[in-house]
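Take a look at the structure set out below.
The values are calculated or read from the model by the stated rules, or taken from the named source; none is laboratory data. Computed from a prediction, not measured in an experiment: that's the story for all the values here. With ideal geometry, Cβ positions are generated from the backbone for all residues, glycine too; neighbour counts draw on all protein chains shown. Areas reflect the complete protein model, heavy atoms only, side chains present, ligands, DNA and RNA absent. Shrake-Rupley method; radii C 1.70, N 1.55, O 1.52, S 1.80 Å.
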Amino acid sequence: MADTDTETTKPKPSRVEKLLPPPLRRPPKPGEGNGNGNGNGNGATGRLVDGAKDAPADLVGWLDERTGATGFLTGMLYRKVPKGTNWFYTLGSATLFAFVVQAITGVFLAMYYTPSTVEAYDSITHLTNDVFLGEFVRGMHKWGASVMVILVFVHMARTYFFGAYKYPRELNWIIGVVLLILTMTMGFTGYLLPFDQRSYWATIVGVNINGTGPIVGPYLSDFLRAGPEFGATTLSRFYAIHMMMVPGAIIAMIGAHLYLVVKMGTTAPPWLRAETKNKSAVAEKV
Ligand code: HEM
């Protein structure tokens, strides 16, 4: 009896609201909440149906209690963004999306690729001609690489022209520069993998250009070639760099990059900052 009384007086949060932490939930309107979950007042069956509908939210609640994930997620997803943000602010997320596509398609390509000088070309020919959707996935990975390089440059240009590299975001700019270098390293090391004439000679040219760099240049080209000569181990080395070393570093750097984006907040567009400055200058004069 006591239970029923509490049920009838205390409104329950809706399923969507249950996903939000209590401080962000909408307060109940007068007369809302009939004590039967979400208002399916059909006695035991209604409660059963409501219980089943609430199961996903309850599961999220269970996980949240043990991980504290919503605190982090609400901090990230409900953070304040300045007025005037526009499509240019989506370029970072677009780059992230391109990276995720590259990672997923890359895993499928790796299932068929053999990093040996004798078999590499044939394994790619087999993947392209015989494997179901092989050509499509390879095409996505190949064109996706160019898309990611273009996006990373346009995103960098946006942060530069909006002055987002200035105090206090200098460290995020530096992490961004590392991400830019890593993205281009992905393109460079991936180019050799089909091991056809074009990729072979282009890589020789690229490695030689690296060798002309001051001080570290010769060491860098020796490292890339896995020795003084271009040989069989060069391909394994490029594959390891392309598949493990650089993606791992990119994931770590993106983590640090996004942490700083959330911590520092987003830069307001320069024209709005100028407007605010002008307004405060006028206020000071008055
Ligand atoms: C894999 C490459 C990259 C990914 C996935 C990435 C991702 C992101 C995302 C999602 C944001 C927040 C949304 C936005 O402002 O667009 C952001 C912000 C930022 N990124 Fe990147 N980024 C990358 C490369 C770079 C590069 C190359 C630079 C510059 C050299 C850079 C500098 C910045 C800066 C300064 C911000 C803060 C923007 C602000 O406060 O308005 N990022 N990045």
Original post:
Is one or more of the residues making up segment 199-211 over 24 Å from S116 (Cα atoms), over 28 Å from the mean Cα position of the chain (by Cα) and not aliphatic (A, V, I, L, M)?
Top reply: yes
Subject >> Output for segment 175-190, where each listed residue is more than 8 Å from the ligand (Cβ to nearest atom) and free of Cβ contacts under 8 Å to residues at least 12 places away in the same chain >> reply: I181
**OP:** Could you grab me the full set of residues in segment 228-242 that are open to solvent by less than 80 Å² (accessible area, probe 1.4 Å) and touching a helix residue (DSSP H, G or I) at 6+ places or on another chain (Cβ under 7 Å)?
**Re:** F230, T234, L235, F238, I241, H242
**OP:** Please specify each residue of segment 144-174 satisfying the condition of being within 15 Å of A256 (Cα to Cα) and within 7 Å of the ligand (Cβ to nearest atom).
**Re:** R169, N172, W173
**OP:** List the helices (runs of 4 or more DSSP H) that sit entirely inside segment 56-169 and contain at least 3 residues that are under 22 Å from M184 (Cβ atoms), of a type in the set (A, V, I, L, M, F, W, C) and in contact with a Ser or Thr (Cβ under 8 Å, 6 or more places away or on another chain).
**Re:** 134-161
Original post:
For segment 132-139, does any single residue satisfy the condition of being within 16 Å of the ligand (Cβ to nearest atom), within 16 Å of H242 (Cβ to Cβ) and either in contact with a Cys (Cβ under 8 Å, 6 or more places away or on another chain) or not β-branched (V, I, T) (or both)?
Top reply: no
Original post:
Residue check: is L193 within 16 Å of the ligand (Cβ to nearest atom) and open to solvent by less than 80 Å² (accessible area, probe 1.4 Å)?
Top reply: no
Subject >> Residue within segment 249-271 that is surrounded by 14 or more Cβ atoms within 10 Å (Cβ to Cβ) and more than 28 Å from the chain's Cα centre (by Cα) present >> reply: no
